[in-house]
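**Q** This is the structure I want to talk about, given as structure tokens.
The values are calculated or read from the model by the stated rules, or taken from the named source; none is laboratory data. As the structure is a prediction and not an experimental result, all values here were calculated from the model. Ideal geometry is used to build each Cβ from the backbone, glycine not excepted, and the neighbour counts take in all protein chains shown.
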Amino acid sequence: MQSRKIVQVFLKDVLDFYYHQCALEMNCEDLAKSFQIFSNNGINPYNNEQILTKSQCKRLNALIKHHESSLDKLHAVLKTPKRAVDVFDVLFKREIDDSNLIMATGESLGHLNCLLFRGLITKHIDNNQCWYEQS
């Protein structure tokens, strides 16, 4: 993408940030605080500031539900070891080709890292390839 001048930033930095955002680790208290806004119609319960509209809350809740459903499906197929590229068909309806391979890989890694941080799967490296499977 950089060589074709599609993006004008260091792609590695962008992808590192994206992967990090997809797999943030939080303790239970942090998680509860960060999600109170969704159950309070977008209003911060600590200062009553309207952070999100009701429609934004509804959309974000739908996205969270979709990702949790994808995580459940992904966990189910990891009874046998798989690489990030092996789970594309579980996470995506459309075909993955050169135009979306990097983003699909990042999204797959984000989902796998989420399951990994939740302690639901393990990761091991064999012949310079990362393999993931149920714990």
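**Q** Check region 107-130 and report whether any residue there is in contact with a Lys or Arg (Cβ under 8 Å, 6 or more places away or on another chain) and either assigned to a loop (DSSP other than H, G, I, E, B) or of a type in the set (D, E) (or both). If you could, list the steps in order and put the result at the bottom.
**A** Step one: list which residues in region 107-130 are in contact with a Lys or Arg (Cβ under 8 Å, 6 or more places away or on another chain), which gives 112, 116, 129-130.
Still in the list and also either assigned to a loop (DSSP other than H, G, I, E, B) or of a type in the set (D, E) (or both): none.
No; the residues of region 107-130 include none that is in contact with a Lys or Arg (Cβ under 8 Å, 6 or more places away or on another chain) and either assigned to a loop (DSSP other than H, G, I, E, B) or of a type in the set (D, E) (or both).
**Q** Run I96 past the list (1) part of a helix (DSSP H, G or I); (2) modelled with pLDDT under 95; (3) of a type outside the set (D, E, K, R) and report the number of the one that doesn't hold.
**A** Here I96 meets the rest and fails (1).
**Q** If you check E29 against the conditions, is it of a type outside the set (K, R), in a helix (DSSP H, G or I) and without any contact (Cβ under 8 Å) to a residue 40 or more places away in the chain?
**A** Yes.
**Q** Output the residues belonging to region 124-135 that are within 12 Å of L78 (Cβ to Cβ) and at pLDDT below 95.
**A** The answer is S135, and nothing else.
**Q** How about region 51-71: which of its residues are surrounded by 12 or more Cβ atoms within 10 Å (Cβ to Cβ) and in a loop (DSSP other than H, G, I, E, B)?
**A** Once the filter is applied, which keeps residues that are surrounded by 12 or more Cβ atoms within 10 Å (Cβ to Cβ) and in a loop (DSSP other than H, G, I, E, B), region 51-71 yields I51, L52.
**Q** List the pairs whose first member sits in region 72-91 and is free of Cβ contacts under 8 Å to residues at least 24 places away in the same chain and surrounded by 15 or more Cβ atoms within 10 Å (Cβ to Cβ), whose second member is of a type outside the set (A, V, I, L, M) and in a helix (DSSP H, G or I), and whose Cβ atoms are under 8 Å apart, counting only residues at least 6 apart or on separate chains?
**A** Pairs that qualify, where the first residue is free of Cβ contacts under 8 Å to residues at least 24 places away in the same chain and surrounded by 15 or more Cβ atoms within 10 Å (Cβ to Cβ) and the partner is of a type outside the set (A, V, I, L, M) and in a helix (DSSP H, G or I), are F88/S108; V90/S70; V90/K73; L91/S70; L91/K73; L91/E107; L91/S108; L91/H111.
**Q** Taking I96 as meeting all but one of (1) more than 13 Å from the chain's Cα centre (by Cα); (2) in contact (Cβ under 8 Å) with a residue 24 or more places away in the chain, write down the number of the exception.
**A** If we test I96 against (1) more than 13 Å from the chain's Cα centre (by Cα); (2) in contact (Cβ under 8 Å) with a residue 24 or more places away in the chain, just (2) comes out false.
**Q** Could you please give the count of residues in region 73-93 that are in a loop (DSSP other than H, G, I, E, B), among the charged types (D, E, K, R) and under 22 Å from S135 (Cα atoms)?
**A** Result for region 73-93: 2.
**Q** If you don't mind, there's one more thing I want to ask. Here is a list: N40, N48. Which entry is out of contact with any helix residue (DSSP H, G or I) (no Cβ under 7 Å at 6 or more places or on another chain), loosely packed, with under 12 Cβ neighbours inside 10 Å, farther than 30 Å from I121 by Cβ and modelled with pLDDT of 80 or more? Show your work before the answer.
**A** On the way: N40 fails: loosely packed, with under 12 Cβ neighbours inside 10 Å.
The conditions single out N48.
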